[in-house]
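The values are calculated or read from the model by the stated rules, or taken from the named source; none is laboratory data. Everything quoted here is computed from the prediction, not taken from an experiment. Here the Cβ positions follow ideal geometry from the backbone for every residue, glycine too, while neighbour counts run over all protein chains shown. Each accessible area value is taken on the protein alone, full model and side chains, heavy atoms only, with ligands, DNA and RNA left out. Shrake-Rupley method; radii C 1.70, N 1.55, O 1.52, S 1.80 Å.
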Amino acid sequence: RPCHPGFDPARRQVFIVGNEAADADSLVTAYAMAALLESADVQAVALAQIPREEFRLRGDALSLFRRAGSEVAADGSPMRMRFWDEVDWDVVRTLDTRSLVLTDHNKMTKIVADVFSGKVEWVLDHHADSRSYPDARVDLDESLGSACTLVTEQYLAKSETLPAEIGILLAGVILLDSRNFDPQEGRGTPRDRAALDRLAGHLPEIGAAAWYKELMNARKDVSHLSVREHLMLDLKAATVAGFPGLVAFSSIMGTLDGMCTQAGGPEALLATLRGFAAERGYEAVVGLFSKDDKGFKALATAAATEAQQPLCAAVEARLAGAPGNLQKELRENPLYAAQGILEEGFGLTPRSDLLPLRAFSLRAIISRKTLLPRATSQEDGAAAL
């Protein structure tokens, strides 16, 4: 983990933070604005609302910072960005003149507001205006494809020439967010196009179309991820009615058998799931795995400890009991009809070959959108708290 310098008492600290999803647009706008605002009077701090270890889950950002020649840590994360788990927030609260710049969103999340309430001085965004900070400077155009367009304009207002690193980062995100200005996508605007045209000198020799394809492929590539990172990639935390605490429902971009092999066998995968639940404070993990070559998806449950095993058993029973136990609101949900759940249920079939891992094959059409409501609600229709 990088050792960041302390806060300079001779300068005012300005923190620049993107939204909680920490996608490429949020990461790059915060990083670039910090570079722009850094001065003899201002210590600008680029901030991400995720732990550093989660940066690797964003393959497009990994590729971008690498191509830009940014100084990166061993895991590919930018050294000059501070991640949420690295900041001494007690110290930050003592900085009386601290202020905040929001990029790629215009309303603070709760964890940010706990530190920066009343401290927002600037908003640069392309989402619907919440009008949360009437005293702040606001540069907002919700028609834009990318917040990086606004940051590019701030740089160009200051100088015709951008640092190569910043130019590459901004150009790459505008390309991504505008879908390379594909008219069928309808994502980019003339203002986005004008910003990218001003950054044309920072496009790689392979050209915009090939670079866009490279970045999109990197966004979808999960080959570099560990099993544990797969669990974090697409996770929704939810309560399960009748039980305390949160359960992690992870959609995993890999087959169950493939993940077992990567982990070192079913027992090793079970240990990874249990360890992840315990470390992250979840009661259990429910993994939904991709379709295999036999045409089935798969499900696996793992409790953090034996004490939470009844919770996993309840989730399994609720799914296995469909369609007979579907509540009225689920029977009337068109997705349940479209996925054939009203007639065939979820198709849960135990995979005894993977014991001690509690695993099941699942009908391939099943998605988390239908699985989660049935798993988290009681038989009488009571929703999770």
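Being assigned to a loop (DSSP other than H, G, I, E, B), among the hydrophobic types (A, V, I, L, M, F, W, C) and either open to solvent by less than 50 Å² (accessible area, probe 1.4 Å) or free of Cβ contacts under 8 Å to residues at least 60 places away in the same chain (or both) is the requirement here; does PHE7 meet it? Criteria met by PHE7.
Please go through region 237-277 and give me each residue that is touching a Ser or Thr at 6+ places or on another chain (Cβ under 8 Å) and more than 23 Å from SER352 (Cβ to Cβ), ordered by number. Residues satisfying the conditions are ALA238, THR239, VAL240, ALA241, GLY245, LEU246, VAL247, MET253. Counting only residues that are under 22 Å from the mean Cα position of the chain (by Cα), among the charged types (D, E, K, R) and either buried (at least 20 other Cβ atoms within 10 Å of the Cβ) or part of a strand (DSSP E or B) (or both), region 266-306 holds 1 of them.
The set of residues from region 213-250 being within 30 Å of THR161 (Cα to Cα) and open to solvent by less than 50 Å² (accessible area, probe 1.4 Å) comprises LEU215, MET216, ALA218. Which condition breaks for SER130 when tested against (1) of a type outside the set (A, V, I, L, M, F, W, C); (2) under 26 Å from the mean Cα position of the chain (by Cα); (3) closer than 26 Å to VAL92 by Cβ; (4) at pLDDT 95 or above? The one condition SER130 does not meet is (4). Of everything in region 33-43 that's in contact with a strand residue (DSSP E or B) (Cβ under 6 Å, 6 or more places away or on another chain) and in a helix (DSSP H, G or I), which residue is nearest to LEU169 (Cα to Cα)? The residue in question is MET33. For region 180-196, residues that are of a type in the set (Asp, Glu) and open to solvent by 90 Å² or more (accessible area, probe 1.4 Å) total 1. Selection within region 252-265: residues that are part of a loop (DSSP other than H, G, I, E, B) and open to solvent by 20 Å² or more (accessible area, probe 1.4 Å). The member of this set that is farthest from ASP221 (Cα to Cα) is GLY264.
A single entry from ASP192, ASP182, ASP177 fulfils the requirement of being over 19 Å from LEU64 (Cβ atoms) and among the charged types (D, E, K, R): ASP182. Residues that are more than 22 Å from the chain's Cα centre (by Cα) and either surrounded by fewer than 14 Cβ atoms within 10 Å (Cβ to Cβ) or closer than 17 Å to HIS105 by Cβ (or both) within region 155-179 comprise ALA157, LYS158, SER159, GLU160, THR161, ALA164, listed in sequence order. Taken as a whole, the structure places ALA194 among residues that are at pLDDT 90 or above, assigned to a helix (DSSP H, G or I) and farther than 20 Å from ASP60 by Cβ.
Taking region 210-251 as the range and being part of a loop (DSSP other than H, G, I, E, B) and either within 27 Å of SER178 (Cα to Cα) or aliphatic (A, V, I, L, M) (or both) as the test, the residues that pass are ASP221, VAL222, SER223, HIS224, LEU225, ASP234, VAL240, ALA241, LEU246. Restricting region 153-174 to residues that are assigned to a helix (DSSP H, G or I) and without any contact (Cβ under 8 Å) to a residue 60 or more places away in the chain, the residue that is nearest to GLU185 (Cα to Cα) is ILE174. Candidates in region 197-212 are the residues that are without any contact (Cβ under 8 Å) to a residue 40 or more places away in the chain and exposed (fewer than 14 other Cβ atoms within 10 Å of the Cβ); of these, the one that is farthest from GLY264 (Cα to Cα) is ASP197.
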